[in-house]
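Single-structure report; data block below.
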Ligand SMILES: CC(C)(COP(=O)(O)OP(=O)(O)OC[C@H]1O[C@@H](n2cnc3c(N)ncnc32)[C@H](O)[C@@H]1OP(=O)(O)O)[C@@H](O)C(=O)NCCC(=O)NCCS
C-alpha cells in the first residue's frame, strides 16, 4: 500500500506524544463528558504524572503505539490515539481515539482515525483493527461508521451508567476493506497537507 505522507492529514499531523503533553491531556480528563464517553471506569480526574507515566510506558512497548494529533499551523495538541495490545502473531490491534471537547464535531476524529488506520495497515501491515464503543456514544459510533468500521458484535449490558445497563459494541475493519475504501476514493488514505 503506497501512502504519500504517513503522518500528515489535511488539518493535523500525527506525532509522538511527549511528556510535556501530559498536563494538556490531564486537563481533558477534568471534563466528565469526555471521560464518561471514553472509559468504563468511574470518571475521575487524572494527575499529570499518571498520564506522563502512560506515555513513557507506551514508548518502551513494542505492542502499544500512542500518537498525539497536532493541529497544523498552531501545532496545538488537540487529541490523542492508540493502536495498542497488538497481537503480532495474528496482526490484530485495538484502536482508541479521544479529542479535547473544544474540537468535537469538526471532523477531526475521522481524520485522526484515518491516519492511524493508514499506519496500522500500511506501515505495520496489520490484518485487522478493532475497537469497542459504548452504545450510548452516538457521535463516536457515527464517526467510526463514516470511516468504514463495521459493527461486529454486542457485549450486552456491559456498562453500568446512571442506574442503567448499556451495551458495548465491537467494531472492526480488515486490511482488504481499507484498501477497497481507498480504491473507491473514499478519502481514507491521507494524501498530505496540500491536498483539498
Ligand atoms: C469520538 C470523537 C473522537 C469523535 O471526534 P469528532 O471529531 O467529534 O468526530 P466528528 O466531527 O466526525 O463527529 C462525529 C459525529 O458526531 C457528531 N458530534 C460530534 N460532536 C458532537 C457533540 N458534541 N454533540 C453532538 N453531536 C456531535 C457529529 O456531528 C458527527 O455526526 P455525523 O457523522 O452524523 O455528522 C470525539 O467525540 C471524542 O473525543 N469523544 C470523547 C472520547 C471518545 O468518546 N472516544 C471514543 C471512545 S470509543
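Key figures for this structure:
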item: Whole-number percent relative contact order across the stretch 80-128, with pairs defined as alpha carbons under 8 Å at least 6 apart; result: 40
item: Extended-chain gain in nm, criterion 0.36 nm per residue less alpha-carbon gap, residue 92 and residue 184; result: 30.7 nm
item: Length-normalised contact order for the stretch 1-70 - Cα pairs under 8 Å, 6+ apart - percent; result: 40
item: Fewest-first ranking of 70, 89, using other Cβ atoms within 10 Å as the exposure measure; result: 89, 70
item: Relative contact order (%) - criterion: Cα under 8 Å, at least six apart; region: the chain; result: 23
item: Gaussian network model of the chain, Cα within-10 Å springs - most flexible of 107, 68, 172; result: 107
item: Helical mean residue ellipticity (222 nm; -39500 (n - 2.57) per DSSP H run of 4+; nearest 500) of the chain; result: -8000 deg cm²/dmol
item: The stretch 142-184-the stretch 17-86 distance, computed between alpha-carbon centres (Å); result: 21
item: Candidates 82, 49, 58, ranked by Gaussian network fluctuation over the chain, Cα under 10 Å, top entry; result: 49
item: Gaussian network model of the chain, Cα within-10 Å springs - most flexible of 34, 134, 67; result: 34
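Values quoted throughout were computed directly from the atomic coordinates according to the rules given, and no laboratory measurement underlies them. Quick caveat, the model's predicted, so the values are computed rather than measured. Please note: Cβ atoms are built from the backbone with ideal geometry, for glycine as well, and neighbour counts cover all protein chains shown.
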